[in-house]
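A.B. asks: Can you keep this structure in mind? I'll have questions shortly.
The values are calculated or read from the model by the stated rules, or taken from the named source; none is laboratory data. All of these numbers come straight from a predicted model, not from anything done at the bench. Because the Cβ atoms are built from the backbone with ideal geometry, glycine has one as well, and the counts that use them run over all protein chains shown. For accessibility, only protein heavy atoms count, side chains too; no ligands or nucleic acids. Shrake-Rupley method; radii C 1.70, N 1.55, O 1.52, S 1.80 Å.
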Amino acid sequence: MRLPPDPDYRGSLAPGWEVEAYRSGELVAFDTVSAGGDFSFNLPVERGQNAVDFVAYGPFGEVHRFNRTYQIGQTILPRKHFEYGVSAGACNSTQCQGALNMDARYGLTRRITLGAGYDRYWRASGSDLDHPYARIGGSPINALTLELGAVYQGFTRMAARVEPSINARLMVEHLDYTDGVTDPILAPAGMRSRTSVSAFYRPIQWSRYLFFDARADRLDQAQGRTSRGRLALSAAVRNVTVSPFVRVQHEDRSGIENTRTFGGIEVTALPQRALGQVLGSLTFRAALQAENLSRVTQVDVSLFKSFRPGIRIEAGAAWSEAFPGTAFRVAVTSTVGGVFASLTSLVSGDGRSESFAQLQGSAAWNPVTRSFRLSPVGSFRQSGITGEVFLDDNANGVCDPGEAGVPSARVIIGYNVVRTDEAGRYQAWEASPFEAAVVAVDSLSLENPLWVPLYRSISVAPGPNAFMTVDLPVVESAVIEGRVVSADGLVRTGHIPLLLINRQTGDETRLASFSDGEFYQMGIRPGEYELRVDDLRLSGVEAVGPVIRFTVGPRPGGTTVADLELHIRATPSP
């Protein structure tokens, strides 16, 4: 779901700097630092994590790069937006026979969403359970998300998430469970409260495989209290990832306290050709844990080998002091032909064995290619987006008869990139149902430099187990050229900042005149425009006469709007 532009990407730098904002490699906003040292952006945001990279340019050639994360909680809706859902079915556990859920959400403001619902569980023995609930969620500032909720005869929950950038994250959650419920389903038996804190930190921005991960939990139970914490460091060298960790657990049961300290390491080695044809094709995973660095308490080793695309064999062994003997497992998986098939055999430490098989797949009809798309993953958890990139001769946004497709164009769908075929068609799978996906054409991949996408991007929310058709028109852009003229000769006409506004869409394009007063801009889409001096970025100058208004019409081969002339003069002294 695409949310309205948010004006709260704010920051501060020294006056004279210019800041550009990029998302997924695309320039989405630009601003100049004011005389007071502030800058801000109006950026379109989506549910989930909105990671934005900033590049700041100083007046003396300095370049500063940084990033920020705007977190929109999955429960946050646009203002005055309403969603509801109803589900029912049989339980997978022995605790109940059937379950029913009804849920509703309403966007009270741009940053606050209210929610309420009802859960019911039918049980073969004992009374049925009814759990009406209510919650409120919001993001008071960019990097902070707060949630508060309560479930009748269940629990109350408070949660906060702070994520100032993609390199740092802190989450806190506290739950108080209701006493007196017989055989509860929503709460572990005997649990009174739980508090959890987790943190993630990447000290070096460009090193994605070097980071710290920490978590702490405090459990208040009827029989006592348990506190536990874990700190891990992950680092990668070539194809090997190493994650050493330390874990501490403290228990207080009826006044008897016990503290245990564990240390361990997890290693993953991806295939390396230098080891030869056999060893070089293996993936190796191992984990070891020891108490007080002296007594081994857990060992787990696994090997994976792919024999051909889509077929893999896994073999592993695990030992833990909590269970007798060593357990073994062997699994064969295949995704050949768009169908997932697996056969797994397990042998526990006491000699018991079991085997189970799994077979699944799905098919979705693509209306553009008129063919089925087979997937080894259940399609009810996935969606597809398909369509055609075409040259829109009349700029009406519709693929009319005779308008040709654009081959080899790069189409960006969220974080995925696909290319069009010789007929301009594209398709992408594995999108999340009902979640916003931003679709755009990479203009740098178009063979003609005058071709530009008619729309900068399109936000869609595809349904499950189906393709959504999104056609992407490309138009011949125009070139505008003209000059800035000083009406009184008291001001220079070079490097005057200008603002070009599309009167139909509101899109703004900033440009500046050259040293001789001439200006030039290409890539202008068809539409009605207004050109003026950018007063917000320049003091001491004002326009003389009305702003310039003109129309760019669709024309094969593009067009040029020439001889535009803006008159300026020095601002009179107060």
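A.B. asks: What number of residues within the stretch 330-359 satisfy the criterion of being surrounded by 12 or more Cβ atoms within 10 Å (Cβ to Cβ), of a type in the set (S, T, Y) and in contact with a Ser or Thr (Cβ under 6 Å, 6 or more places away or on another chain)?
C.D. replies: 3
A.B. asks: May I pose another question? Restricting to the stretch 169-219, and then to whatever is surrounded by fewer than 16 Cβ atoms within 10 Å (Cβ to Cβ) and touching a residue at least 60 places away in the same chain (Cβ under 8 Å), can you tell me which residue is nearest to M158 (Cα to Cα)?
C.D. replies: Of everything passing the filter in the stretch 169-219, D183 is nearest to M158 (Cα to Cα).
A.B. asks: Does any residue of the stretch 436-447 turn out to be in contact with a Gly (Cβ under 7 Å, 6 or more places away or on another chain), buried (at least 16 other Cβ atoms within 10 Å of the Cβ), without any contact (Cβ under 8 Å) to a residue 60 or more places away in the chain and on the phi < 0 side of the Ramachandran plot?
C.D. replies: For the stretch 436-447, residues in contact with a Gly (Cβ under 7 Å, 6 or more places away or on another chain), buried (at least 16 other Cβ atoms within 10 Å of the Cβ), without any contact (Cβ under 8 Å) to a residue 60 or more places away in the chain and on the phi < 0 side of the Ramachandran plot: present.
A.B. asks: Which pairs do you get when a residue that is at positive phi, found in the stretch 509-536, comes within reach of a residue that is of a type in the set (S, T, N, Q), reach meaning Cβ atoms under 6 angstrom, with the pair 6+ apart or on two chains?
C.D. replies: Sorted first by the residue in the stretch 509-536, then by its partner, the pairs are G517/T493; G523/S477; G527/N502; G527/Q504.
A.B. asks: Quick one: G349 ticks every box in (1) part of a strand (DSSP E or B); (2) farther than 30 Å from A466 by Cα bar one, so which box is it?
C.D. replies: (1)
A.B. asks: Does the stretch 295-306 contain any residue that is at positive phi and either at pLDDT 90 or above or in contact with a Ser or Thr (Cβ under 8 Å, 6 or more places away or on another chain) (or both)?
C.D. replies: no
A.B. asks: Among the residues of the stretch 380-424, write down those that are in a loop (DSSP other than H, G, I, E, B), within 28 Å of P464 (Cβ to Cβ) and polar (S, T, N, Q).
C.D. replies: Matches in the stretch 380-424: Q382, T420.
A.B. asks: Which strands (runs of 3 or more DSSP E) sit wholly inside the stretch 425-526 and have at least 1 residues that are among the charged types (D, E, K, R)?
C.D. replies: 425-431, 472-476, 478-486, 508-512, 518-524
A.B. asks: I've got another one for you. Pick from the stretch 463-485 the residues that are among the charged types (D, E, K, R) and over 26 Å from the mean Cα position of the chain (by Cα): which of them is surrounded by the most Cβ atoms within 10 Å (Cβ to Cβ)?
C.D. replies: So, considering only residues that are among the charged types (D, E, K, R) and over 26 Å from the mean Cα position of the chain (by Cα), the one surrounded by the most Cβ atoms within 10 Å (Cβ to Cβ) is E476.
A.B. asks: So which residues in the stretch 131-162 are open to solvent by 60 Å² or more (accessible area, probe 1.4 Å) and in contact with a Phe, Trp or Tyr (Cβ under 8 Å, 6 or more places away or on another chain)?
C.D. replies: Within the stretch 131-162, Y152 is the sole residue that qualifies.
A.B. asks: Assuming G337 fulfils every condition listed in (1) in contact with a Pro (Cβ under 9 Å, 6 or more places away or on another chain); (2) part of a strand (DSSP E or B) apart from one, which condition is it?
C.D. replies: (2)
A.B. asks: Right, next: Specify the residue that is least open to solvent (accessible area, probe 1.4 Å); the eligible residues are those in the stretch 101-130 that are more than 20 Å from R161 (Cβ to Cβ) and among the basic types (K, R).
C.D. replies: Out of the qualifying residues, it is R123.
Results for (1) modelled with pLDDT under 95; (2) β-branched (V, I, T); (3) more than 30 Å from Q205 (Cβ to Cβ); (4) not in a strand (DSSP E or B), shown as yes or no for each residue.
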position	(1), (2), (3), (4)
R120	yes, no, yes, no
D130	yes, no, yes, no
E147	yes, no, no, no
A160	yes, no, no, no
P164	yes, no, no, no
V172	no, yes, no, no
T182	yes, yes, yes, yes
S193	yes, no, yes, no
